[in-house]
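**Student:** Please find one structure pasted underneath; my questions will follow.
The values are calculated or read from the model by the stated rules, or taken from the named source; none is laboratory data. None of these values were measured; they are calculated from a predicted model. With ideal geometry, Cβ positions are generated from the backbone for all residues, glycine too; neighbour counts draw on all protein chains shown.
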Amino acid sequence: MCVVEKKGDDGLKHVILGGAGFLGSNLANRLLADGASVCVFDRDGANFSRLCAPQPSNLEIVKGNFDSQYPFAQLFEPGDVVYHLVCTTNPGLSNRDMMGEIQENVLPTLYLLDACVAKKVSKVVFISSGGTVYGRTNMEPFRETDATNPICSYGVQKLAIEKYLQIFYHISGLDYRIVRLSNPYGPFQNPNGGLGAVTAFTYRVMQDQPVTVYGDGTVTRDYIYVDDAVDGIVRITQCNNGERLFNLGSGKGVTLTEVLQAVECALGKKANVQYLPARNVDVPYNVLDISRYRQIVSGFNPTSLEEGIRLLAKSLQ
């Protein structure tokens, strides 16, 4: 049950493409709770039940396929804020069909951006990937100004869309924000979806199922609880300090072994771990420098991993 606590006062509609997914539904519910007018776009058959129920008057649901044939302009009115969260693949699978993924993700995005210009939307917020666009590192947190050398097609797609946003801004004045998000976890994430080690490990330990770890457990990532991620997206969207690109994560590196230890501590259960060879799409270390984000959110204190796992476990029961 979602309760609208107050009416939004920005007068804008917030259109979320991919709004029935893990991150999109959490973002939609946050905006609805703030009293904003929200339009959720996702494919027919997506799980819209995660959105506020019963459907509030400030929520519109539109079903359709994210492809080059969809008339995106019909979703927008002048001044709307558009959140682009759609992606048809994940990093582990993205090198299998590189040409297909350009057709499924990059080309439809160009049609989307054309529609945004035509309808004079106020801003496009694109959720990029802090975990894949940078590539390999010398074990130092990545800054937004660092070189980008992705080792999977997923990261290349995200970078291509980032660059096209810059071009549309240069040519047409289309304002944008890019959020290079680390590894979010929390309620509504599919534990069997191929993304999200924290959610997958937590679910499998709860179900007394074996946990699969690729490599020796030293792969290090930056994990952020979904409420912190959503709050960051909202704050970055509202930020008008001239910056358009932000890393968003916890700013702390955690190994897979440490994730397992946190899961075991939060659940009070031991994990049955199976180790498999490391995958060539996984960089050994990926942590984000979030100094730029901290400049707009003073005192940012992300949810601890153990507390986040406890909250996640409650939602999986």
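**Student:** Just to be sure I understand, how many residues within region 293-302 are crowded, with 19+ Cβ neighbours inside 10 Å and either touching an Asp or Glu at 6+ places or on another chain (Cβ under 6 Å) or without any contact (Cβ under 8 Å) to a residue 60 or more places away in the chain (or both)? Don't jump to the end; show me each part of the working.
**Tutor:** Taking region 293-302 as the starting set, the residues that turn out to be crowded, with 19+ Cβ neighbours inside 10 Å are 293, 302.
With the extra rule that they be either touching an Asp or Glu at 6+ places or on another chain (Cβ under 6 Å) or without any contact (Cβ under 8 Å) to a residue 60 or more places away in the chain (or both), the set shrinks to 302.
Count: 1.
**Student:** Still on this structure, I have one more. Output yes when any residue across region 211-226 is over 30 Å from V82 (Cβ atoms), surrounded by fewer than 19 Cβ atoms within 10 Å (Cβ to Cβ), among the small types (G, A, S) and touching a Pro at 6+ places or on another chain (Cβ under 8 Å), and no when none is.
**Tutor:** yes
**Student:** While we're looking at this one, here's another question. Give region 189-209 a look and list any residue that's surrounded by fewer than 17 Cβ atoms within 10 Å (Cβ to Cβ) and modelled with pLDDT of 95 or more, or say none.
**Tutor:** M206, Q207, D208, Q209
**Student:** Hey, can you tell me all the residues within region 19-55 that are in a helix (DSSP H, G or I), surrounded by 18 or more Cβ atoms within 10 Å (Cβ to Cβ) and of a type in the set (S, T, Y)?
**Tutor:** Result: S25, single match.
**Student:** Hey, could you check region 247-281 for residues that are in a loop (DSSP other than H, G, I, E, B) and small (G, A, S) and say which is surrounded by the most Cβ atoms within 10 Å (Cβ to Cβ)?
**Tutor:** Among those that are in a loop (DSSP other than H, G, I, E, B) and small (G, A, S), it is G249.
**Student:** Any idea which of (1) modelled with pLDDT of 95 or more; (2) surrounded by fewer than 16 Cβ atoms within 10 Å (Cβ to Cβ) is the one K7 doesn't satisfy?
**Tutor:** For K7, the failing item is (1).
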